[in-house]
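Q: Handing you this structure, nothing more for now.
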Amino acid sequence: MLIDLTRPIQAGMAVYPGNPAVTFENVQAASATTSALTKISLGSHTGTHLDAPSHIDPNGKGTGMYSLEQLCGPCEVIDVRTATRVILAADLPATTAPRVLIKTANSDGNINEFIPDFVALADTAAQELLKRGVKVVGIDAWSIKKKGVRDNVHKLLLDAGVAVIEGLWLNGVQPGAYQLYCLPLRVDLDGTPVRAVLQ
């Protein structure tokens, strides 16, 4: 069984404040002599997406640095819905997989609504995950970093080469061991939408 963790991309969908809106423009309609064509406009951090070091560092590498071997493989989904504002190291249950997806109260909300006070990681949780040797960290938040808080979560993980997946949708997903398949667009940017699936 495959479980899709990807937020649907649709015109007018919720995006992080300041990010480009998603728009679809009908360039050409299907007819007896033409085929349909649509222009899609969206930001590189739309919906379920991958962050790269260049997201925070002008000299950092882009999403092309992440191999499919890093992004796909054994993973654990952990449930930290008891954390109400930020996730601390003490909130993280034990894990052994190299890829960890974090389910929070964010997945209990509306998939099409931006919640400004979303739950995100604190520096201590990022440091703990690094100690465990993870190479992928995913979260069901609009950002792995708490909005309006000055911290080093992005820098800690991205500088260590950890792939950060944001905007997952984990409603109904039970904690446990899975295989993760995270397939980004084949571009080399500060971020890119992905299709993320569990098996």
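The values are calculated or read from the model by the stated rules, or taken from the named source; none is laboratory data. These numbers were taken from a predicted model, which means no experiment stands behind them. Cβ coordinates were reconstructed from backbone atoms using ideal geometry, including for glycine residues, and neighbour counts include every protein chain displayed.
Q: Do you know which of the residues in the range 89-124 that are among the charged types (D, E, K, R) and under 16 Å from residue 138 (Cα atoms) is surrounded by the fewest Cβ atoms within 10 Å (Cβ to Cβ)? Write out each step before concluding.
A: Within the range 89-124, the first condition is being among the charged types (D, E, K, R), and the residues that meet it are 91, 99, 103, 108, 113, 117, 123.
Now narrow it down to the ones that are under 16 Å from residue 138 (Cα atoms): 91, 99, 103, 123.
On the way: 91: 20, 99: 25, 103: 24, 123: 17.
If we take residues in the range 89-124 being among the charged types (D, E, K, R) and under 16 Å from residue 138 (Cα atoms), then 123 is surrounded by the fewest Cβ atoms within 10 Å (Cβ to Cβ).
Q: Further, regarding this structure: What is the number of the single condition among (1) touching a residue at least 40 places away in the same chain (Cβ under 8 Å); (2) on the phi > 0 side of the Ramachandran plot that residue 42 does not meet?
A: Failing condition for residue 42: (2).
Q: Check 162, 136, 149, 197 and return the single one that is modelled with pLDDT under 95, of a type in the set (Val, Ile, Thr) and under 27 Å from residue 20 (Cβ atoms). Please lay out each step first, then the result.
A: On the way: 162 fails: modelled with pLDDT under 95; 136 fails: modelled with pLDDT under 95; 197 fails: modelled with pLDDT under 95.
Selected residue: 149, the only one of 162, 136, 149, 197 that is modelled with pLDDT under 95, of a type in the set (Val, Ile, Thr) and under 27 Å from residue 20 (Cβ atoms).
Q: Does residue 187 meet the test of being surrounded by fewer than 20 Cβ atoms within 10 Å (Cβ to Cβ), within 20 Å of residue 45 (Cα to Cα) and modelled with pLDDT under 95?
A: Numbers: surrounded by fewer than 20 Cβ atoms within 10 Å (Cβ to Cβ): yes; within 20 Å of residue 45 (Cα to Cα): yes; modelled with pLDDT under 95: no.
Answer is no for this residue.
Q: Further question on the same structure: Can you tell me how many residues in the range 143-174 are of a type outside the set (Gly, Ala, Ser) and either in a helix (DSSP H, G or I) or surrounded by fewer than 16 Cβ atoms within 10 Å (Cβ to Cβ) (or both)?
A: From the range 143-174, those of a type outside the set (Gly, Ala, Ser) are 144-147, 149-159, 162, 164-166, 168-171, 173-174; that's our starting set.
Adding the requirement that they be either in a helix (DSSP H, G or I) or surrounded by fewer than 16 Cβ atoms within 10 Å (Cβ to Cβ) (or both) leaves 147, 149-150, 152-159, 171, 174.
Adding up the residues that qualify gives 13.
Q: Still on this model: Take the residues in the range 125-142 that are among the basic types (Lys, Arg) and in a loop (DSSP other than H, G, I, E, B), then tell me which one is surrounded by the most Cβ atoms within 10 Å (Cβ to Cβ). Don't jump to the end; show me each part of the working.
A: We begin by selecting, within the range 125-142, every residue among the basic types (Lys, Arg); these are 131-132, 135.
Filter again for in a loop (DSSP other than H, G, I, E, B), leaving 132, 135.
Numbers: 132: 13, 135: 18.
Per the criteria, the residue is 135.
Q: Residue 88: in contact with a helix residue (DSSP H, G or I) (Cβ under 6 Å, 6 or more places away or on another chain), within 25 Å of residue 175 (Cα to Cα) and of a type outside the set (D, E, K, R), yes or no? Give the steps one after another, and end with the answer.
A: Working: in contact with a helix residue (DSSP H, G or I) (Cβ under 6 Å, 6 or more places away or on another chain): yes; within 25 Å of residue 175 (Cα to Cα): yes; of a type outside the set (D, E, K, R): yes.
It is true that residue 88 is in contact with a helix residue (DSSP H, G or I) (Cβ under 6 Å, 6 or more places away or on another chain), within 25 Å of residue 175 (Cα to Cα) and of a type outside the set (D, E, K, R).
Q: Further question: Please count how many residues of the range 176-193 are touching a Pro at 6+ places or on another chain (Cβ under 9 Å) and closer than 22 Å to residue 79 by Cβ.
A: Looking only at that region, the number is 4.
Q: Out of all the residues in the range 60-76, is one or more free of Cβ contacts under 8 Å to residues at least 60 places away in the same chain, small (Gly, Ala, Ser), surrounded by fewer than 17 Cβ atoms within 10 Å (Cβ to Cβ) and farther than 30 Å from residue 117 by Cα?
A: yes
Q: Moving on to the next point. What do you reckon, is residue 161 in contact with a strand residue (DSSP E or B) (Cβ under 6 Å, 6 or more places away or on another chain), under 24 Å from residue 46 (Cβ atoms) and of a type outside the set (A, V, I, L, M, F, W, C)?
A: Working: in contact with a strand residue (DSSP E or B) (Cβ under 6 Å, 6 or more places away or on another chain): no; under 24 Å from residue 46 (Cβ atoms): yes; of a type outside the set (A, V, I, L, M, F, W, C): yes.
Considered against the rule, which asks whether it is in contact with a strand residue (DSSP E or B) (Cβ under 6 Å, 6 or more places away or on another chain), under 24 Å from residue 46 (Cβ atoms) and of a type outside the set (A, V, I, L, M, F, W, C), residue 161 comes out as no.
Q: Tell me, please, whether a residue that is within 27 Å of residue 125 (Cα to Cα), at pLDDT 95 or above, surrounded by 18 or more Cβ atoms within 10 Å (Cβ to Cβ) and in contact with a helix residue (DSSP H, G or I) (Cβ under 8 Å, 6 or more places away or on another chain) can be found in the range 4-18.
A: Looking for residues that are within 27 Å of residue 125 (Cα to Cα), at pLDDT 95 or above, surrounded by 18 or more Cβ atoms within 10 Å (Cβ to Cβ) and in contact with a helix residue (DSSP H, G or I) (Cβ under 8 Å, 6 or more places away or on another chain), one finds none in the range 4-18, hence no.
Q: Could you say whether any residue in the range 175-185 is over 14 Å from the mean Cα position of the chain (by Cα), touching a residue at least 60 places away in the same chain (Cβ under 8 Å), part of a loop (DSSP other than H, G, I, E, B) and within 20 Å of residue 54 (Cα to Cα)? Talk me through it step by step, then tell me what you get.
A: First pass over the range 175-185, keeping only residues over 14 Å from the mean Cα position of the chain (by Cα): 175-179.
Subset that is touching a residue at least 60 places away in the same chain (Cβ under 8 Å): 175-179.
Okay, now just the ones that are also part of a loop (DSSP other than H, G, I, E, B), so 175.
Checking the rest, the ones that are also within 20 Å of residue 54 (Cα to Cα) come to none.
Within the range 175-185 (the criterion being over 14 Å from the mean Cα position of the chain (by Cα), touching a residue at least 60 places away in the same chain (Cβ under 8 Å), part of a loop (DSSP other than H, G, I, E, B) and within 20 Å of residue 54 (Cα to Cα)), the answer is no, since none of the residues qualifies.
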